[in-house]
């Protein structure tokens with residue numbers, strides 16, 4: 001049940017297995033030369049895991065490096081959900097405060113390191129918009145947001161894990177798949193989605209629950 | 001006309017509640033309940049993780065965007081510059097602060113020759129170092145003069161080798177700023193393109209290269225020192 005890192009997530013899983021094996025044989029806490037792995041070699045999931053573990057031991061250099069390696073992705077998450085630069089900057093700061101204080105939780109998570117970090121950022125950004133928005137005040141804003149998620153073709157080309165989830169989304173009715181994507185990527189609430197798709201809130205709830213169950217069934221097929 | 005249409009969030013069972021939390025559709029109060037349960041209930045946390053794992057490939061669609069350097073600066077202030085209160089002399093934060101202050105004082109000392117025309121763009125400094133290497137440089141970026149001033153703190157270059165200075169911005173390939181002239185201090189002129197990246201908080205790094213610099217235009221030897229530029 002506690003399988004660790006390097007387990008899934010498209011971009012990470014197909015990294016060179018040889019390199020990962022090498023790292024596994026080593027004491028996880030020794031990153032040989034911070035300067036060397038610092039910049040121009042892209043980091044493996046194992047490297048990111050090491051940095052999180054070292055961060056949990058309050059190693060500032062590791063934390064700085066973790067920030068450098070992952071802040072662009074996490075800022076992308078905050079921006080997309082919050083749609084406000086100033087607020088996204090503040091959120092990103094809070095996300096890294098959480099990472100600094102809660103890095104020890106990573107050890108008991110079953111997620112790959114990047115998925116774990118993205119989950120922290122997404123959940124934090126979503127909590128922020130829930131706290132910020134009064135229901136009904138945001139509907140117009142939600143309507144204006146285009147959905148830049150890759151279409152089915154692009155996703156099929158992308159292949160891998162990411163391609164698989166988009167293929168499974170394609171098995172859903174179009175508007176429901178769009179609702180799932182909107183909810184995940186933008187953090188839209190049931191209320192927002194119901195307004196956007198012009199259905200009662202409980203209908204939207206039923207749609208999405210069924211969609212989630214179908215998605216799971218498809219992914220596990 | 002399913003039951004679910006009339007029921008609250010719990011009615012679909014824990015697994016669906018976990019799924020809805022991960023998808024992000026719940027209202028604020030429901031999210032709070034979920035997040036409390038994640039902390040208190042390992043079985044529920046496991047369900048949440050499983051949904052995070054299932055849906056996480058969708059996160060590939062988030063584009064990477066470099067945050068401005070002020071975010072990291074504010075973060076560092078928030079996490080690492082605690083105001084000393086009781087027990088000043090035994091406070092770790094105090095001693096850390098003192099160490100930081102001495103570095104800053106040294107930086108100002110080194111920066112003084114650059115400080116002539118008073119009002120212009122901010123100066124950035126970086127302490128360049130790396131684990132497993134005794135090479136240290138202090139770098140001061142002077143935007144007005146389009147120069148990076150380097151003070152050699154420690155570490156010798158091996159015979160037949162040179163130190164080369166690089167600028168790295170985000171995950172882009174390093175850009176050479178030239179071979180560092182031997183000596184205690186050195187000044188290196190920089191191009192406008194590099195200058196702009198530096199102002200946005202690029203990283204400086206020093207690599208060990210054959211005499212005359214990297215033959216390929218990209219670093220070929222180990223990074224012996226690196227660091228972030230910070231404003232002073």
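Figures for the structure shown
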{"read-out": "Evaluation of residue B:157 against (1) assigned to a loop (DSSP other than H, G, I, E, B); (2) within 13 Å of another protein chain (Cβ to nearest Cβ) (one fails), failing number", "value": "(2)"}
{"read-out": "Helices (runs of 4 or more DSSP H) (entirely within the range B:13-60) containing at least 1 residues that are free of Cβ contacts under 8 Å to residues at least 24 places away in the same chain and under 19 Å from residue A:112 (Cβ atoms)", "value": "B:28-40, B:42-55"}
{"read-out": "Count - residues of the range B:61-73 that are part of a helix (DSSP H, G or I) and in contact (Cβ under 8 Å) with a residue 12 or more places away in the chain", "value": "3"}
{"read-out": "Residue identified as outside any loop (DSSP other than H, G, I, E, B), surrounded by fewer than 16 Cβ atoms within 10 Å (Cβ to Cβ) and at pLDDT below 70 among B:113, B:117, B:121", "value": "B:113"}
{"read-out": "Residue A:61 being surrounded by fewer than 21 Cβ atoms within 10 Å (Cβ to Cβ), facing another protein chain (nearest Cβ under 8 Å), part of a helix (DSSP H, G or I) and in contact (Cβ under 8 Å) with a residue 12 or more places away in the chain", "value": "yes"}
{"read-out": "Count - residues of the range B:29-44 that are at the interface with chain A (Cβ under 8 Å from one of its Cβ atoms) and surrounded by 17 or more Cβ atoms within 10 Å (Cβ to Cβ)", "value": "1"}
{"read-out": "Extreme residue, farthest from residue B:23 (Cα to Cα), among residues of the range A:68-80 that are facing another protein chain (nearest Cβ under 8 Å) and crowded, with 23+ Cβ neighbours inside 10 Å", "value": "A:71"}
{"read-out": "Any helices (runs of 4 or more DSSP H) falling wholly within the range A:123-221 and containing at least 1 residues that are at pLDDT 90 or above", "value": "A:160-170, A:174-186, A:190-197, A:201-219"}
{"read-out": "Enumeration of residues in the range B:175-232 that are farther than 23 Å from residue B:76 by Cα, touching a residue at least 60 places away in the same chain (Cβ under 8 Å) and either in contact with a helix residue (DSSP H, G or I) (Cβ under 7 Å, 6 or more places away or on another chain) or not in a strand (DSSP E or B) (or both)", "value": "B:221, B:222, B:223, B:224"}
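The values are calculated or read from the model by the stated rules, or taken from the named source; none is laboratory data. Every value quoted in this text rests on a predicted model; they were computed, and no experiment measured them. Backbone-built Cβ (ideal geometry, glycine too); neighbour counts: all protein chains shown.
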